[in-house]
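**Q** Just dropping this structure here.
The values are calculated or read from the model by the stated rules, or taken from the named source; none is laboratory data. No experiment lies behind these values; they were computed from the predicted model shown. A quick note on method: Cβ atoms are made from the backbone with ideal geometry, for glycine too, and the neighbour counts reach across all protein chains shown. Accessible surface areas use protein heavy atoms only, side chains included; no ligands, DNA or RNA. Shrake-Rupley method; radii C 1.70, N 1.55, O 1.52, S 1.80 Å.
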Amino acid sequence: MSKITVTINGKAYLTEPDKTILQVATENKIYIPTLCFLEGIKAQGSCRICTCMVNGKMMTACTTPVNDGMEVVTNTEELEKLRSKIVELLFAEGNHFCPSCERSGNCELQALAYRYKIMVPEFDYIYPARDVDAIHPKLIIDHNRCILCKRCIRRKKEPENPTWFVFENRGNKVKINFDKEHTADMDDEMAQKAMDTCPVGAIIHKEKGYDVPIGRRKYDKNPIGSDIEGKE
Ligand code: SF4
Ligand code: FES
């Protein structure tokens with residue numbers, strides 16, 4: 001395949017045209033924050049946290065393919081502020097109580113809040129009335145923590161990689177629910193996979209949430225993005 005040149009933050013990189021900006025940046029140790037993106041699941045570009053300047057316009061890095069001569073800037077003050085405000089909005093919109101959450105220290109939203117040094121959101125908390133669904137034998141869905149990224153729903157509908165969740169309702173009543181057919185025989189390995197698909201603590205594997213103690217988890221040790229930026 002013929003190579004193309006993409007400039008990221010003023011430096012030229014040789015790459016292939018079938019890649020996204022996010023892929024090229026990550027391969028070259030440039031961290032762009034993500035939330036709705038998960039490797040192996042089709043990107044949808046809904047959370048906007050990966051927004052970069054692309055030829056002078058704001059575009060999502062996870063869904064935008066590179067092309068020859070493209071100029072990308074990943075880290076302006078304006079972009080960082082936008083990302084920080086998205087994180088703040090997500091905190092204000094749900095009920096996120098990090099100190100008591102099973103995903104504390106392994107939550108991408110919390111880790112991004114630390115990265116952006118967010119103490120209190122600028123926006124008023126909504127405190128929505130939402131349920132915790134613990135009816136499933138292996139999983140809990142805590143709707144208070146769901147950021148509606150759809151990572152759990154976009155899992156491919158293949159026997160070895162089934163979709164375990166579905167959307168219910170519409171508009172501001174939308175929420176995820178178990179796909180009863182595909183979760184009927186769920187074992188612990190599948191339940192853990194479901195939990196790991198979620199960027200926050202909305203899907204919890206029953207009796208396993210605290211197996212790794214808080215303080216020894218992924219982002220307790222290394223801030224989000226440090227694996228890509230090489231600062232671990
Ligand atoms: S449960 Fe988790 S993965 Fe599914 S939509 Fe909510 S936040 Fe995203
Ligand atoms: S990670 Fe790109 S839009 Fe959500």
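**Q** So for the stretch 3-13 (the condition being open to solvent by 30 Å² or more (accessible area, probe 1.4 Å), among the β-branched types (Val, Ile, Thr) and in a loop (DSSP other than H, G, I, E, B)), does at least one residue qualify?
**A** Within the stretch 3-13, none of the residues are open to solvent by 30 Å² or more (accessible area, probe 1.4 Å), among the β-branched types (Val, Ile, Thr) and in a loop (DSSP other than H, G, I, E, B).
**Q** Considering the stretch 170-221 alone, what residues qualify as being closer than 23 Å to residue 98 by Cβ, part of a loop (DSSP other than H, G, I, E, B) and of a type in the set (D, E, K, R)? Spell out how you get there, then give the answer.
**A** At the first step, the residues of the stretch 170-221 found to be closer than 23 Å to residue 98 by Cβ are 175-176, 191-192, 194-221.
Among the residues that remain, those that are also part of a loop (DSSP other than H, G, I, E, B) are: 198-202, 206-217.
Residues satisfying the conditions are 206, 207, 208, 211, 216, 217.
Matching residues to (1) within 18 Å of residue 23 (Cβ to Cβ); (2) assigned to a loop (DSSP other than H, G, I, E, B):
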position: 39; (1), (2): yes, yes
position: 59; (1), (2): yes, no
position: 63; (1), (2): yes, yes
position: 79; (1), (2): no, no
position: 82; (1), (2): no, no
position: 85; (1), (2): no, no
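**Q** I'd like the residue in the stretch 48-85 that is within 14 Å of ligand 2 (Cβ to nearest atom) and open to solvent by 80 Å² or more (accessible area, probe 1.4 Å) and, out of all such residues, is farthest from the chain's Cα centre (by Cα).
**A** 58
**Q** Separate question: Which of the residues that make up the stretch 140-169 are at pLDDT 95 or above and more than 16 Å from ligand 2 (Cβ to nearest atom)?
**A** 140, 141, 142, 143, 144, 145
**Q** Shifting gears a bit: Considering each of 182, 143 in turn, give the residue that is within 14 Å of ligand 1 (Cβ to nearest atom) and surrounded by 11 or more Cβ atoms within 10 Å (Cβ to Cβ).
**A** Only one candidate passes the filter, namely 143.
**Q** Can you tell me how many residues in the stretch 203-223 are farther than 16 Å from residue 155 by Cα and within 13 Å of ligand 1 (Cβ to nearest atom)?
**A** Looking only at that region, the number is 2.
**Q** Does residue 39 fit the bill of being more than 15 Å from residue 150 (Cα to Cα), acidic (Asp, Glu) and open to solvent by 60 Å² or more (accessible area, probe 1.4 Å)?
**A** It is false that residue 39 is more than 15 Å from residue 150 (Cα to Cα), acidic (Asp, Glu) and open to solvent by 60 Å² or more (accessible area, probe 1.4 Å).
**Q** (1) under 18 Å from the mean Cα position of the chain (by Cα); (2) surrounded by fewer than 19 Cβ atoms within 10 Å (Cβ to Cβ): which one isn't true of residue 120, the others all being true?
**A** The failed condition is (1).
**Q** Then there is this: So residue 45 passes all but one of these: (1) in a loop (DSSP other than H, G, I, E, B); (2) buried (at least 17 other Cβ atoms within 10 Å of the Cβ); (3) modelled with pLDDT of 95 or more. Which condition number does it fail?
**A** (2)
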